[in-house]
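> Sharing a structure with you now.
The values are calculated or read from the model by the stated rules, or taken from the named source; none is laboratory data. Only a predicted model underlies this, so the values are computations on that prediction, with no experimental measurement involved. FYI the Cβ positions are ideal-geometry reconstructions off the backbone, even for glycines, and counts take in every protein chain you see.
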Amino acid sequence: MRQASVNRKTKETDIALSLCLDGGDICIETGVGFFDHMLTAFAAHAGFGLCVKCKGDIEVDCHHTVEDVGIVLGKALFEALGDKSNIARYGSFFVPMDEALGFAAVDICNRAYLVFEADFPQEKCGDFDACMCEEFFRAVADNAKITLHLRAPYGNNSHHIAEAIFKAAGHAMSIAAEKRDTTLSTKGSL
């Protein structure tokens, strides 16, 4: 099984996360309702088992919780993917969500990079600051050491835009993490 468990405790957050790339339970408790909804959508559409328990300083705002969960998820992805041999490596996916369209492309390559292009008409989705989508995925990409491109070329509802992006990212990661017989690199390794 390709899995990892990561714990991280700071003065701002206390996080326990377990991830299984080959499926399993999804149980998310971050204290930020909309973020729980997005993480659940990401895991469900990726086909990953994901359990997250986070106690954060949400009395300040959601920033530390969202970014730190991204850090921990990225570290878990990095660990669960192992040496990254024998995976598809690349994945991309479009998700329409009513009037919004989300797109994700990923390269599991040991090179951290994020391109994020999305405008959110409403600043908040419940208790979640929409601008935190980019911060979350930057933390994931940096700590998983993946290249991740995310776009929402259009949409009128921030909830739909965010959800389309999280679901597209889940599908793209699932495709890229699929097992293969060879390592897709002209160098012979990633």
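> Residues that are assigned to a helix (DSSP H, G or I), at pLDDT 95 or above, under 20 Å from Val72 (Cβ atoms) and hydrophobic (A, V, I, L, M, F, W, C): does the stretch 120-129 have at least one? Outline the logic, then answer.
Here is the first cut: in the stretch 120-129, the ones assigned to a helix (DSSP H, G or I) are none.
No, the stretch 120-129 contains no residue that is assigned to a helix (DSSP H, G or I), at pLDDT 95 or above, under 20 Å from Val72 (Cβ atoms) and hydrophobic (A, V, I, L, M, F, W, C).
> Pick from His159, His149, His171: which is buried (at least 17 other Cβ atoms within 10 Å of the Cβ) and assigned to a strand (DSSP E or B)?
Numbers: His159 fails: assigned to a strand (DSSP E or B); His171 fails: assigned to a strand (DSSP E or B).
His149 is the lone residue from the list that is buried (at least 17 other Cβ atoms within 10 Å of the Cβ) and assigned to a strand (DSSP E or B).
> Scan (1) in contact with a strand residue (DSSP E or B) (Cβ under 9 Å, 6 or more places away or on another chain); (2) closer than 20 Å to Lys179 by Cβ; (3) among the basic types (Lys, Arg) for the single condition Arg8 breaks and write down its number.
(2)
> Would you mind stating whether Ile87 is over 23 Å from Ser18 (Cβ atoms) and among the β-branched types (Val, Ile, Thr)?
Details: over 23 Å from Ser18 (Cβ atoms): no; among the β-branched types (Val, Ile, Thr): yes.
Criteria not met by Ile87.
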